[in-house]
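The values are calculated or read from the model by the stated rules, or taken from the named source; none is laboratory data. Bear in mind the structure is a predicted one, so any value in this text is a computation, not a measurement. What goes into the accessible areas is simple: the full protein's heavy atoms, side chains included, and nothing from ligands, DNA or RNA. Shrake-Rupley method; radii C 1.70, N 1.55, O 1.52, S 1.80 Å.
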Amino acid sequence: MVVALAAALPALAGGAQAAERLVTSLSTHRVLINSVFTGAEVVLFGAVESDGAGPARRGGFDVIATVVGPRQTLKTLRKDRALGIWINVDSRTFIDVPAYLAVLGTRPFDQILPQERLRRLQIGLRNVVLPQQIGPDVADVVTDDPFRQAFLRLKTERKLYVEEPTAITMLSPTLFQASIPIPAEAPVGTYEVDVKLFHDGALVTRSTSAFEITKVGFERFVATAAVDDGLIYGIVTAMMALMTGWLASVVFRRD
């Protein structure tokens, strides 16, 4: 009897708490790239729904959305001046890092969570894990590492890494939206959208979705041919280069 009562207490305590469900949607699940593509925006919509089994939580919610593009391996070079010329003196290879990364929030991240939890959840460009090839080992490094800082700076300048702590707008206490910027240089592939819901610094729930960036038209034909028929693509490309050179010599030939 005592054991049964003790086992029932946790269930009763859990039932007294509100349980929220996070519902999210995207304005599109496919972004098409052609020769005149200059960038786009994918709008994220979301709603917080309660199951009605417990009392509503007091206070507002915070939302943080992380968008991760396809993974790739990149090399960062460091140049220095020697004998009057600039040469590569060192390099660092970043292994399997996001080609695109956007972190959006309802307010500054350090006002939502303490720094330790931000690091654990990898929220913000400062806290994202960027594995590097260092000798025979692959590991992340300290945040003030010059190669890591240079990598983040270059990605940010090209708008491939975005951190906007106030990009998510709360339309009501339970409705929100945000625009995910897609730059012209965004690589093709699948982009995963991870949305986390917080209340008083606690992670309540999360929702995941995805969209795809793909090429269309002549660009898609060229990309597909380069991958599926590499030899034929190489031969055709070489012939086109020869024809272009011959045509230029004819047009600009001096009599």
ask   = Can you give the accessible area of D110, probe radius 1.4 Å, in Å² rounded to 10?
value = 110
request  = Round to the nearest 10 and report in Å² the accessible area of E185, as given by a 1.4 Å probe over the protein chains' heavy atoms.
outcome  = 100
remark   = Expected vector for segment 104-109, Karplus 3J(HN,Hα) from phi with 6.51, -1.76, 1.60 and θ = phi - 60°, integer Hz, x for Gly and Pro, equals 10, x, 8, 6, x, 4
Exposure of S27 as accessible area (Å², to 10), given a probe of 1.4 Å and all protein chains = 70
request  = Using θ = phi - 60° and the Karplus relation 6.51 cos²θ - 1.76 cosθ + 1.60, list the HN-Hα couplings for segment 68-74 in order, rounded to whole Hz, with x at every Gly or Pro.
outcome  = 10, x, x, 8, 7, 10, 10
